[in-house]
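The values are calculated or read from the model by the stated rules, or taken from the named source; none is laboratory data. Keep in mind it's a predicted model, so treat the numbers as computed, not measured. Neighbour counts are summed over all protein chains in view; Cβ atoms, including those assigned to glycine, are modelled from backbone coordinates with ideal geometry.
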Amino acid sequence: MTCIGCPMGCQLDVTKEADGAITVKGAGCGRGVIYGKQEAVAPQRMVTALMPVKGRSRPLSVKTATAVPKEKIGDVLAAVAAKCADAPVKIGDVLIPDVCGTGVAIVATSNAL
Ligand code: SF4
């Protein structure tokens, strides 16, 4: 797999050993090792999206505060699209505290003042 941690795009060789241990070769740094192991066990991604704002034509850019399980991305996007933020909103405001039961918040990455 290709590490997405930075533009270097290191090619990772991830192997699950007989004892269950996961080894990662080809990483240019420790972040790649962590990424490779996480991808092998439970892939996660940050999600960015646009959320409607009541009474405004311009939507608000938002993101997950941390990565969420990859299989939840569709649900997270649907939850964001279904929510309508109340202005004023400032960067960093929490708009959905626990999106789709992931324990991860949706936070504003732009202002709607
Ligand atoms: S392993 Fe490290 S250097 Fe290589 S792409 Fe990932 S983050 Fe970048």
query = Do we find that Lys37 is surrounded by 13 or more Cβ atoms within 10 Å (Cβ to Cβ), in contact with a Ser or Thr (Cβ under 7 Å, 6 or more places away or on another chain) and under 29 Å from Ile22 (Cα atoms) in this structure?
reply = no
message = Against the condition over 17 Å from the mean Cα position of the chain (by Cα) and modelled with pLDDT under 95, how does Ala21 come out, does it pass?
response = yes
Verdict on Val14 being in contact (Cβ under 8 Å) with a residue 12 or more places away in the chain and more than 16 Å from the ligand (Cβ to nearest atom) = no
remark   = Among residues of region 35-44 being without any contact (Cβ under 8 Å) to a residue 24 or more places away in the chain and within 15 Å of the ligand (Cβ to nearest atom), the residue farthest from Thr102 (Cα to Cα) is Lys37
query = Just a yes or no: is a residue in region 45-67 surrounded by fewer than 18 Cβ atoms within 10 Å (Cβ to Cβ), within 16 Å of the ligand (Cβ to nearest atom) and part of a loop (DSSP other than H, G, I, E, B)?
reply = yes
key: Checking Gly103 against (1) within 30 Å of Met1 (Cα to Cα); (2) in contact (Cβ under 8 Å) with a residue 12 or more places away in the chain; (3) in a loop (DSSP other than H, G, I, E, B); (4) not hydroxyl-bearing (Ser, Thr, Tyr), the condition it does not meet   = (2)
key: Near pairs, Cβ below 8 angstrom, 6+ apart or cross-chain, from region 57-79 (among the small types (Gly, Ala, Ser)) to any residue that is in a loop (DSSP other than H, G, I, E, B)   = Ser61/Thr109; Ser61/Ser110; Ala65/Val104; Ala65/Ala105; Ala67/Met46; Ala67/Val104
request  = Return the only residue of Gly9, Gly20, Gly32, Gly28 being more than 17 Å from Thr66 (Cα to Cα), near the ligand (Cβ under 7 Å from one of its atoms) and surrounded by fewer than 13 Cβ atoms within 10 Å (Cβ to Cβ).
outcome  = Gly9
query = When residues of region 68-108 are filtered for being closer than 23 Å to Tyr35 by Cβ and either basic (Lys, Arg) or exposed (fewer than 15 other Cβ atoms within 10 Å of the Cβ) (or both), how many remain?
reply = 5
ask   = Failed condition for Thr2, given (1) within 16 Å of the ligand (Cβ to nearest atom); (2) surrounded by 15 or more Cβ atoms within 10 Å (Cβ to Cβ), with all others met?
value = (2)
Which numbered condition Arg31 misses (of (1) at negative phi; (2) part of a loop (DSSP other than H, G, I, E, B); (3) within 23 Å of the chain's Cα centre (by Cα)) = (2)
